[in-house]
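**Q** Sharing a structure with you now.
The values are calculated or read from the model by the stated rules, or taken from the named source; none is laboratory data. This is a predicted model, so every value here is computed, not measured. Note that each Cβ is placed from the backbone with ideal geometry, even for glycine, and that neighbours are counted across all protein chains shown. Calculation scope for accessible area: heavy atoms of the full protein, side chains included, ligands and nucleic acids excluded. Shrake-Rupley method; radii C 1.70, N 1.55, O 1.52, S 1.80 Å.
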2 protein chains.
Amino acid sequence: MRTVDPAKHEAKRRHIIESAASCFARAGFDKTTVADICTAAGISSGSLFHYFPSKRAVFTAIFEQDGRDNAERLAAAVDSDDPWGAVLEQVEYMARSLADPEAAGLAFEVVAQAGRDSELAELVTRDDREVREKLAVLLRRAAQQGQIDASIEPATAATWVVGLVDALYTRAGADSEFAPAEQLGTLRLILAGFLRAESRSP
Amino acid sequence: MRTVDPAKHEAKRRHIIESAASCFARAGFDKTTVADICTAAGISSGSLFHYFPSKRAVFTAIFEQDGRDNAERLAAAVDSDDPWGAVLEQVEYMARSLADPEAAGLAFEVVAQAGRDSELAELVTRDDREVREKLAVLLRRAAQQGQIDASIEPATAATWVVGLVDALYTRAGADSEFAPAEQLGTLRLILAGFLRAESRSP
DNA sequence: GTCTATATACCGATAGAC
DNA sequence: GTCTATCGGTATATAGAC
């Protein structure tokens, strides 16, 4: 016989997290004030601190949520019959996220913040490792099925798959004329040159 | 008959810039206070504001200097007799910069800041374009000499050369076990698979 | 040119009524 | 659980003596 409804509590938390994410993406962590988040979420500061112990905790919660979403998506892909196709699908999914300017802004912000917050750095590192491990599983199976060159270590291959997606983000950030959607073909070409067996013996 | 010595003025500016760069790399732009910079530089805030109109101007000055340095280095490389070798040398140079944790921290910080400062964004974009244009010149000559596949547009090739170096930075930032020096070989392999003519007809 | 001292403003977090 | 009001701390930039 609880007096609180856990579902409602969770929904409100989500609402605050989403409002905050938009603020952080636009202005960065430090220049986003608690008042900004409260205005965006339509609540008071007293209420925000009822749900989160600090402004930083709101920021961190965004990436805890993101890590869970990523893990779920990859867990669903890991049993695919076409592992190489599944890898390419994941690359395309990650590239599509870039179309949302909010996601791109947050991605840069979290890395910058992680550089001086060891707790956040650990969270980011853990999520990143999980993504690479799941990709490595797919890549190992792709090699076993002869879809890609078996001589490349799956972990190394996974690292560079993620690295190439990273490059899509950094290039879009540094060069306003860079169109990620148009460059996805080149990315696939680079990946094929690196990993695909047939490209080595045409 | 000037009363001020321009060389001394410039030297002091440099000293402030270098002290500030170290602070910004460690704590980020927003969490670095003017007082921090002054302590690091051994001056007072009154003195700092004699050389720079604002804290942001100090930050920007770091990347104006960096842009000039990059342009100079690439201008010296652009006439090389071995253009493909020169490209690889530049890649190695940029990768080596990553060994300095200060440079890596600043790189993430400037991108995050550029996302909300259009003037800084313009500066970063301009510097980045200059690097890519010089690399494109080298890559075009490399194709003419048969060192690389001539069917790939030099501008696109240059974009991805820089993108792969970016990946070195992001991977080092996201994964503490990633060793850039060890991964340089894989980077070269990926570049070769993408660009080198002989890798397509071995 | 360099300093000290400070104006002015804002922010994160808390207290406590309802 | 949500609000209003506010405290304590800190930041950039300026003023003005030397």
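**Q** For every helix of n ≥ 4 consecutive DSSP H residues, a contribution of -39,500 (n - 2.57) applies; sum these over chain B, divide by its total residues, and give [θ] at 222 nm rounded to the nearest 500 deg cm²/dmol. List each step's numbers first, then the result.
**A** Working: 9 runs with 153 residues, N = 202.
Counting only the DSSP helices, I get -25500 deg cm²/dmol.
**Q** Accessible area, 1.4 Å probe, largest first: how do B:F108, B:F63 sort?
**A** Numbers: B:F108 40, B:F63 20 Å².
Per-residue accessible area, sorted high to low, gives B:F108, B:F63.
**Q** Quick one: pull the percent of accessible area on the range A:61-195 belonging to carbon and sulfur, 1.4 Å probe, ligands and nucleic acids left out.
**A** After summing per-atom areas, the C and S share lands at 48 percent.
**Q** Where in chain B are the helices, taken as whole DSSP H runs, whose Cα atoms extend 27 angstrom or more along the long axis and whose Kyte-Doolittle mean reaches at least 0.5?
**A** On the way: long enough: B:6-27 (31 Å, -0.58); B:55-77 (34 Å, -0.46); B:118-144 (38 Å, -0.50); B:154-174 (30 Å, 0.78).
Both cut-offs are met by B:154-174.
**Q** Residues of the range B:19-42 that become at least 30 Å² less accessible with every protein chain present than in their own chain isolated, using 1.4 Å: which are they?
**A** Residues shielded by partner chains are B:D30, B:K31.
**Q** Rank B:L195, B:L189 by accessible area, highest first, at a 1.4 Å probe radius?
**A** Values: B:L195 0, B:L189 90 Å².
Of B:L195, B:L189, the descending order of accessible area is B:L189, B:L195.
**Q** Where a ≥ b ≥ c are the square roots of the eigenvalues of the C-alpha gyration tensor, would you call the range A:121-202 rounded, which needs a/c under 1.5, or, failing that, prolate if a/b is larger than b/c, or oblate?
**A** Numbers: a/c = 3.13, a/b = 1.20, b/c = 2.62.
Oblate.
**Q** On average, how much area does the Cα convex hull of the range B:1-52 cover when viewed from any direction, in nm²?
**A** Convex hull of Cα atoms, orientation-averaged projection: 3.6 nm².
**Q** Summarise the partner chain shielding of B:124-135 as one whole number: the mean count of Cβ atoms from other chains within 10 Å of each residue's Cβ. Don't skip to the answer; put the middle values down first.
**A** Numbers: counts 3, 5, 0, 1, 7, 4, 0, 1, 4, 0, 0, 0.
Taking the mean over all residues of the peptide, I get 2.
**Q** Using only the alpha-carbon atoms, what does chain A span along each of its principal axes? Please give whole angstrom values in decreasing order.
**A** Ordered largest first, chain A gives principal extents of 65, 48, 28 Å.
**Q** In square angstrom, what is the accessible area per residue of the protein assembly as shown with a 1.4 angstrom probe?
**A** Numbers: 19650 Å² over 404 residues.
Here the residues of the protein assembly as shown average 49 Å² of exposed surface.
**Q** Expressed as a fraction of 2.2 N^0.38 Å, the rule-of-thumb size for a compact globular protein of N residues, what is the C-alpha radius of gyration of the protein assembly as shown? Walk me through the numbers before you get to the answer.
**A** On the way: Rg = 23.3 Å, N = 404, 2.2 N^0.38 = 21.5 Å.
My calculation over the Cα atoms of the protein assembly as shown gives 1.08.
**Q** Next question. Among A:V34, A:P101, A:A155, whose Cα sits farthest toward the positive end of the charge dipole of chain A (+1 at Cβ of Lys/Arg, -1 at Cβ of Asp/Glu, about the Cα centre)?
**A** A:V34
**Q** Let me ask something else about it. How would you rank A:164-171, B:41-48, A:113-120, highest first, on the average number of other Cβ atoms within 10 Å across their residues? It would help to have the intermediate numbers written out before the result.
**A** Values: A:164-171: 24.2, B:41-48: 14.2, A:113-120: 17.0.
Sorting A:164-171, B:41-48, A:113-120 by mean packing, highest first, produces A:164-171, A:113-120, B:41-48.
**Q** For B:V34, which inter-copy label distances result when the label point lies 7 Å beyond Cα on the Cα-to-Cβ vector, reported in nm to one decimal and in ascending order?
**A** Reported distances to equivalent positions: 2.6 nm.
**Q** Mind checking the dipole of chain A: about its Cα centre, +1 per Lys or Arg Cβ, -1 per Asp or Glu Cβ, Debye to the nearest 20? It would help to have the intermediate numbers written out before the result.
**A** On the way: 23 positive and 31 negative charges, 83 e Å.
It works out to roughly 400 debye.
**Q** Between A:L135, A:L187, A:L106, where does the largest GNM mean-square fluctuation fall for chain A, given springs only between Cα atoms within less than 10 Å?
**A** Taking springs between Cα atoms under 10 Å, the residue moving most is A:L187.
**Q** What total accessible area, in Å², is buried where chains A and B meet, using a 1.4 Å probe and rounding to the nearest 100? Before the final figure, lay out each step's value.
**A** On the way: alone 11560 and 11560 Å², together 19650 Å².
Result for this pair: about 3500 Å² buried.
**Q** Along Cα-to-Cβ, 7 Å out, sits the label point; list in nm, shortest first, how far the one on A:E64 is from those in the other copies.
**A** Nearest to farthest, the other copies are at 4.4 nm.
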